[in-house]
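J.: Okay, handing you the structure first.
A short reminder: the numbers here are calculations on the coordinates, not readings from a lab. Only a predicted model underlies this, so the values are computations on that prediction, with no experimental measurement involved. Glycine also receives a Cβ, built like all others from the backbone with ideal geometry; neighbour counts cover every protein chain displayed.
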Amino acid sequence: MNSEALNLDANMERLVAALNGCPGIHPFSSCGGHTDPDLGHAPQDEFNVCFTVEPTAGGWPSLELILRACGEDAKLVAWWAAENHLPGAVAFQLEGRGKTTPDRIAEAIERARS
């Protein structure tokens, strides 16, 4: 995955790829945390990724897999009905902080998918 072409923070590559590998899951925004965050960016030691769940393309089973993979390590927040991104979809934000890393969540999602 070319993080520059996608404008991804380098520490988010694996997590975004893991989410992209889940049927019906469509990441559209992420932040890997910054020492001096601008408005809308996560502070250092925090990260988030926003994605839509497409119910007709296996999205709900994928969301369940993501929830199980995150366990206590991350928080999943229902964000809004994502009609402007994908008709019929709902958007979520996965948030992590502290000792939880994007790679740790990505690894758990990859393990759960296999």
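J.: Any idea how far apart A17 and D38 come out in nm if each label point goes 7 Å out from Cα toward Cβ?
T.: Once both label points are built, they end up 2.7 nm from each other.
J.: Could you calculate the contour length gain from D45 to K75, that is, 0.36 nm times the residue separation minus the distance between their Cα atoms, to one decimal place in nm?
T.: Once the chain is fully extended between D45 and K75, it gains 9.4 nm.
J.: Tell me the mean residue ellipticity at 222 nm calculated for the chain from its helices only (DSSP H runs of n ≥ 4, each -39500 (n - 2.57), averaged over every residue, nearest 500).
T.: -9000 deg cm²/dmol
J.: Between R111 and L67, 0.36 nm times their residue separation minus their Cα-Cα distance comes to what?
T.: So the extension gain works out to 14.5 nm.
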